[in-house]
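Below is one structure; the comments refer to it alone.
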Amino acid sequence: MMQLVLAYFVAILRHWGTLVTGGLVTAIITVIQYRRQKTISWNIARRILFAFVLIASFLAWREQHDRAEIAIQKLGARGGLTEVTFSMLGDLPNGTVFYCRDCMTVRNSTTCFGDGAGATAIREGTQWICVEAEK
């Protein structure tokens, strides 16, 4: 989780740096200072920098959203869930979903086992939960 938070802040800094050092921003500030015949106050500069943080946050979010949309489209183009075998299921994040072509459940259990006819496998906690298609 910390790694994801760190990656988010790095993305914000990258976008913020682009905004702050951009030629358009420098030109606008220069024009404002020229028209007013004095430099902008520190208060205005802080507001501009804060606005850039907000914009950079949005840009970082949008970048990840676009990547997720592309991944969803690619997944859909293959006909649904990624297909794996029971032996390929490992320690992945909660909520991970696969179609496991050789998974099954055993009597009144939802835990995944191998050597079955196939089931949807969902990672919950420390185990894989299988949901077999109705026959």
* Would a scan of the stretch 35-50 turn up a residue that is of a type in the set (V, I, T), out of contact with any helix residue (DSSP H, G or I) (no Cβ under 7 Å at 6 or more places or on another chain) and not assigned by TED's automatic domain parsing to the domain that holds P93? -> yes
* So how many residues does the stretch 89-110 have that are part of a strand (DSSP E or B) and either modelled with pLDDT of 90 or more or in contact with a Cys (Cβ under 7 Å, 6 or more places away or on another chain) (or both)? -> 2
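Yes/no per residue for (1) surrounded by 12 or more Cβ atoms within 10 Å (Cβ to Cβ); (2) in a helix (DSSP H, G or I); (3) in contact (Cβ under 8 Å) with a residue 12 or more places away in the chain:
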| position | (1), (2), (3) |
| --- | --- |
| L6 | no, yes, no |
| A11 | yes, yes, yes |
| L24 | no, yes, no |
| N43 | no, yes, no |
| R47 | yes, yes, no |
| F52 | yes, yes, yes |
* Cβ-Cβ below 7 Å, separation at least six or inter-chain, first residue in the stretch 90-101 and over 8 Å from T120 (Cα atoms), second of a type in the set (A, V, I, L, M) and part of a loop (DSSP other than H, G, I, E, B): which pairs? -> none
* **Any hit, the stretch 62-82, residues being more than 30 Å from I129 (Cα to Cα) and either touching a Pro at 6+ places or on another chain (Cβ under 7 Å) or modelled with pLDDT of 85 or more (or both)** => yes
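The values are calculated or read from the model by the stated rules, or taken from the named source; none is laboratory data. Since the structure is predicted, the reported quantities are computational estimates derived from the model, not experimental observations. Glycine also receives a Cβ, built like all others from the backbone with ideal geometry; neighbour counts cover every protein chain displayed.
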